[in-house]
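Computed from the coordinates by the stated procedures, all read-outs in this text should not be read as laboratory data. All figures in this text were calculated on a predicted structure; none of them were measured in a lab. Here the Cβ is made from the backbone with ideal geometry for all residues, glycine too, and neighbour counts use every protein chain on show.
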Amino acid sequence: QDPGVDEAGRHYVAADDGKWLPYDVYDRVKQDPGEEGFPRTARRVYRRYIEIRFLKWYVVGPVFTCGLILTLYLIGKFLAAGVGRILWNWFDGILHRVPIIRNVYGSVKQVTDFVFSEREIEFTRVVAVEYPRKGIWSLGFVTSESMLEIRSAANEPVLTVLMPTSPMPATGFTVNVKKSETIDLNITMDQAFQFIVSCGVVVPPHQMYNTLEQADKSAAPSGAVPGAENGALPSRTATPTASSD
């Protein structure tokens, strides 16, 4: 019997390592051996055949993307359930016990919990503080409530405020200020950054003095008599009457 044919009549070809390969596999790889040339072992021939036959780029890309989306969706649904919460707490406990990771993980978790949790003091809160002395007002960003011991010493709520510097608001320093000594400003974070970067040149439109002055003038009644705002009334000239003889 021919050694290249089995009992069922299927043809085989011997590879360089002495192992036999189906002829259709050998022929397919021989037509497209790849950049490295024809593989010298049967295992590599099979690997090349799988790449050509099944792992085509226009098939692997969509399948991998759909599989990743489905996996993330199932993980999200699983974590939203009670069992997922238990497993997450278990995984969180493991990270807190690893010597090197627990220091970094604890700090990152504290920051992310602060940003994404609902708190009484919002991260985007802009306040004015009399700093560095009375009569000089500086803009600051409230980051959190201050430490408990400082709050107890002040006998009132104390805020931790980031005092940015001009024209680089990314740098600055942290101060603890009594809540009663701060003024909440009706401006957004972007408007506050523009004010700081421009060194006070760019002022929010609704905070400009000229705008407020014009609004006050436009709010005055159209029939107002000049001088009436000071409490003075115009003098009334007597009209002479004709005397009758």
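Hey, got a sec? Which chymotrypsin sites (Phe, Trp or Tyr not before Pro) in segment 7-99 land in a DSSP loop and have at most 13 other Cβ atoms within 10 Å?
Details: sites: 12, 20, 23, 26, 46, 49, 54, 57, 58, 64, 73, 78, 88, 90, 91; in loops: 54.
Here the sparse-neighbourhood loop sites are 54.
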Q) Among the lysines, which have Cα under 19 Å from the Cα of residue 56 when same-chain residues fewer than 8 positions away are ignored? A) 30
**Q.** All lysines inside 29 Å of residue 109 as judged from Cα atoms, apart from same-chain residues fewer than 8 positions distant
**A.** 77, 178, 179
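Just the number, please: Stokes-Einstein D of segment 126-207 in µm²/s, Kirkwood Rh from C-alpha pairs, 37 °C, 0.692 mPa s. Mind dumping the intermediate values first?
Working: Rh = 13.2 Å.
Approximately 249 µm²/s, per Stokes-Einstein.
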(Q) Could you list 136, 150 so that the one with the fewest beta carbons within 10 Å of its beta carbon is first and the one with the most is last? (A) 136, 150
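Do any GluC sites (Glu not before Pro) in segment 29-94 lie in a loop, going by DSSP, with at most 16 other beta-carbon atoms within 10 Å of their beta carbon, and if so which? Write down the numbers at each step before the final one.
Working: sites: 35, 36, 51; in loops: 35, 36.
Those that pass, being in a loop and sparsely packed, are 35, 36.
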